[in-house]
1. Among the residues of the stretch 54-96, write down those that are closer than 23 Å to Tyr44 by Cα and in contact with a Lys or Arg (Cβ under 8 Å, 6 or more places away or on another chain).
2. Going by the conditions given, is Tyr44 surrounded by fewer than 18 Cβ atoms within 10 Å (Cβ to Cβ), in a helix (DSSP H, G or I) and of a type in the set (Phe, Trp, Tyr)?
3. Please work out which one of (1) modelled with pLDDT of 90 or more; (2) in contact with a His (Cβ under 8 Å, 6 or more places away or on another chain) is the condition His53 fails and give its number.
4. Being within 18 Å of Ala104 (Cα to Cα) and crowded, with 16+ Cβ neighbours inside 10 Å is the filter; apply it to the stretch 47-87 and report the residue that is nearest to the chain's Cα centre (by Cα).
5. Might you check whether a residue that is among the hydrophobic types (A, V, I, L, M, F, W, C), without any contact (Cβ under 8 Å) to a residue 40 or more places away in the chain and within 25 Å of Thr16 (Cα to Cα) occurs anywhere in the stretch 68-86?
6. Please enumerate the residues belonging to the stretch 55-97 that are in contact with an Asp or Glu (Cβ under 9 Å, 6 or more places away or on another chain) and more than 15 Å from Asn28 (Cβ to Cβ).
7. Being within 13 Å of the chain's Cα centre (by Cα), among the hydrophobic types (A, V, I, L, M, F, W, C) and buried (at least 17 other Cβ atoms within 10 Å of the Cβ) is the filter here; which residues of the stretch 88-98 pass it?
8. Please specify each residue of the stretch 29-67 satisfying the condition of being in contact with a helix residue (DSSP H, G or I) (Cβ under 6 Å, 6 or more places away or on another chain) and either polar (S, T, N, Q) or within 18 Å of Pro19 (Cβ to Cβ) (or both).
Amino acid sequence: MKWFLLPVILLTGCGTLRPQEIPWQVLNVVDAGQTLNLDHTCQYETNPMIGAHPADAEVVAWMLLFGAGYHYLSNYICENHPEGCTPFNVVATVLKGAVVVHNANLKGCN
């Protein structure tokens, strides 16, 4: 993975993560690494917010934004609707995991 994934991990506030949130944040870092390592000659990003061929800095910026947004949303739900804390985090992690599995199954260029 690229060297600047470290800021993605550090800046998402690992010290303040709830245990239910950690799997999603880890998958977000994996997703960032997969996106950074796309072969742009034959592969492209399918997230329309990021764009088909994002620069590395754009990937890092978006993944930081996604990580921070998830962190704050998860905290809001867990603090204000405790009964929804675990379901929210489980569903979000499963969906993020599906993205990572999809990315891992992409074929390389011929």
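1. Asp56
2. When the stated conditions are applied, Tyr44 does not pass them.
3. (1) is the only condition that His53 fails.
4. My answer is Met63.
5. Yes, the stretch 68-86 contains at least one residue that is among the hydrophobic types (A, V, I, L, M, F, W, C), without any contact (Cβ under 8 Å) to a residue 40 or more places away in the chain and within 25 Å of Thr16 (Cα to Cα).
6. Asn75, Cys78, Cys85 - these are the residues of the stretch 55-97 that are in contact with an Asp or Glu (Cβ under 9 Å, 6 or more places away or on another chain) and more than 15 Å from Asn28 (Cβ to Cβ).
7. The answer is Ala92, and nothing else.
8. Selection gives Val29, Gln34, Thr35, Gly67.
The values are calculated or read from the model by the stated rules, or taken from the named source; none is laboratory data. Just so it is clear, the structure is predicted and the values come from calculations on it, not from any experiment. Positions of Cβ are generated from backbone atoms using ideal geometry, with glycine treated the same way; all protein chains shown enter the neighbour counts.
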